[in-house]
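The values are calculated or read from the model by the stated rules, or taken from the named source; none is laboratory data. Since the model is a prediction, treat every value here as computed from it, not as a measurement. Positions of Cβ are generated from backbone atoms using ideal geometry, with glycine treated the same way; all protein chains shown enter the neighbour counts.
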Amino acid sequence: MMPVATMLSNCNAHATDDHLRENSHRTAVPYGLVQISKRMRHPPPDWDVMHWAGRTQGMRIAVVNGQDHRGSSYHMGRILADKLAADEDITELFLPHDLPHFCRGCYTCLEDETRCPYWDEKKTILDAMEEADLLIFTSPNYCLAPSGAMKSFLDMMFDYWVVHRPKGWMFGKRAVVLCTSAGASCRKAMRPIRDSLFFWGVPYIRTYGLAVQAAGWNNVSARKKEEIERTLTRLASKLSCDRPPRIGIGTRLVFSVMRGMHAAGKDSSPAEGRYWEEQGWLGKGRPWKTV
C-alpha cells in the first residue's frame, strides 16, 4: 500500500506539471497525477526583453545553497536570480556555513520553535525566506541525494510541515530547486527538497537538474552552459510574482487532512493544537487567504 505522505505529495500535480528537463532532449514530469513528456523549444534571443523584463521589478529572492563552495549548482542559482532581481534584492545563504549543525531530535521545537538549540542561525534563514518573493534551493548531487548540509537543514525544518505548525507565509511563496551532477540523474537529489517545500505549504515548485559532466563550473563545457542559460531564461519568464501562486488540489487536500487531525486533538503536542486554533485554521480560516 502506498504511504500516505507519498500519496498526498503526488496529488500536487499543478506544482510539478511544468518541470524542466534534466537533459537536453526532453522535458519530464517525474511526479504528479499526470506524466507528460515533450520536446522543449529554445526561446528567441530577445526573450528576456519581450517576456519578462520589467515584469519582476522589485522581486526579492532568497537563495539557499547546499554547499559552501561556489560550484555548478551555485552558479545555476545565481544565473536565475540575476535574471529576476537586482543584486541588492538577492540574499544568499550557504550551508553548512550559515547553519553548521545537525538536528538533535530533541523535539523541543514542537513545543516552542525558539527553544531549538540552534534557533539564532535557523531564524536568520527563516527571516530571509519570509521576506523573499522567490525561494531558490541549490544542491549538488551527492550519491543520488542532496548534500548532507542541505539534508540537515531540511531535518531542522520538520516542525514547519503542515502536520505540525506550518508558517502561513509559506503558502504564498514560489520556489525553484536546482541541482547538478557529474553524470547521474538529479531527480533523487531534488526530491527531498521538493517534498519539504510541498509539505511546508509552498504551492508553486519548479525543479531543474542537469548532468554537467564536470567536477567544477570552470570545467563545464560551453555547450552545457548555453543549455543552462536557455533553460533558466525560459524558467525566469514563468516566475512573475505579480499575483499570489495558485493553490492546487494537493496542497488543499493535505491541509484539509491535517486540519481534521488537529480538530480531533491528534496533535504531536498541545502547543500544535493551540497554534492551529490561534491561526483560525480549525474554523474557516486558511493560510493562503491571508498571504
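Results for (1) among the small types (Gly, Ala, Ser); (2) in contact with a Leu (Cβ under 8 Å, 6 or more places away or on another chain), shown as yes or no for each residue.
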site: ALA184; (1), (2): yes, yes
site: LYS188; (1), (2): no, yes
site: ALA211; (1), (2): yes, no
site: LYS284; (1), (2): no, no
**Request:** Among residues belonging to segment 282-291 that are part of a loop (DSSP other than H, G, I, E, B) and among the charged types (D, E, K, R), point out the one that is surrounded by the most Cβ atoms within 10 Å (Cβ to Cβ).
**Result:** ARG286
**Request:** Output the residue which, of all residues in segment 148-174 that are assigned to a helix (DSSP H, G or I) and not hydrophobic (A, V, I, L, M, F, W, C), is surrounded by the most Cβ atoms within 10 Å (Cβ to Cβ).
**Result:** ASP159
**Request:** Give me the pairs, please: first residue somewhere in segment 135-147 and in contact (Cβ under 8 Å) with a residue 60 or more places away in the chain, second residue anywhere and surrounded by 22 or more Cβ atoms within 10 Å (Cβ to Cβ) and basic (Lys, Arg), beta-carbon distance under 8 Å, and either six or more positions apart or on two chains.
**Result:** LEU135/LYS173; LEU135/ARG174
**Message:** For segment 191-222, give me each residue that is of a type in the set (A, V, I, L, M, F, W, C) and closer than 24 Å to PRO244 by Cβ.
**Reply:** ILE193, LEU197, PHE198, PHE199, TRP200, VAL202, ILE205
**Item:** Within segment 249-271, considering residues that are part of a helix (DSSP H, G or I) and over 24 Å from the mean Cα position of the chain (by Cα), the one surrounded by the most Cβ atoms within 10 Å (Cβ to Cβ)
**Value:** HIS262
**Request:** Within segment 90-112, count every residue that is outside any loop (DSSP other than H, G, I, E, B) and modelled with pLDDT under 95.
**Result:** 3
**Cβ-Cβ under 8 Å pairs, at least 6 apart or on other chains, segment 109-131 side in contact (Cβ under 8 Å) with a residue 24 or more places away in the chain, far side aliphatic (A, V, I, L, M) and in a helix (DSSP H, G or I)** = LEU110/ALA271; GLU111/ALA271; ASP112/ALA271
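Yes/no matrix, rows are residues, columns are (1) of a type outside the set (S, T, N, Q); (2) closer than 22 Å to ALA184 by Cα; (3) surrounded by fewer than 13 Cβ atoms within 10 Å (Cβ to Cβ); (4) out of contact with any Phe, Trp or Tyr (no Cβ under 6 Å at 6 or more places or on another chain):
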residue: ALA214; (1), (2), (3), (4): yes, yes, no, yes
residue: ALA222; (1), (2), (3), (4): yes, yes, yes, yes
residue: LYS238; (1), (2), (3), (4): yes, no, no, yes
residue: GLY280; (1), (2), (3), (4): yes, no, no, yes
**Scan of segment 175-208 for residues that are of a type in the set (D, E, K, R) and buried (at least 23 other Cβ atoms within 10 Å of the Cβ), ordered by number** = ARG194
**Message:** Testing PRO245 on (1) within 30 Å of SER152 (Cβ to Cβ); (2) surrounded by fewer than 17 Cβ atoms within 10 Å (Cβ to Cβ), one condition comes back false. Which one is that?
**Reply:** (2)
**Message:** When you scan segment 89-97, do you find a residue that is more than 29 Å from ALA215 (Cβ to Cβ) and buried (at least 16 other Cβ atoms within 10 Å of the Cβ), even just one?
**Reply:** yes
**Message:** Any residue at all in segment 228-236 that's surrounded by fewer than 19 Cβ atoms within 10 Å (Cβ to Cβ) and not in a helix (DSSP H, G or I)?
**Reply:** no
**Asked** Scanning segment 175-191 for residues that are in a strand (DSSP E or B) and of a type outside the set (A, V, I, L, M), which turns out nearest to GLY265 (Cα to Cα)?
**Response** CYS179
**Request:** Specify which of the listed residues (ARG234, ARG252, ARG223, ARG243) is under 25 Å from HIS164 (Cα atoms) and among the basic types (Lys, Arg).
**Result:** ARG252
**Fill in**
ALA86 fails exactly one of (1) at pLDDT 95 or above; (2) farther than 29 Å from MET261 by Cα; (3) small (Gly, Ala, Ser), namely (1)
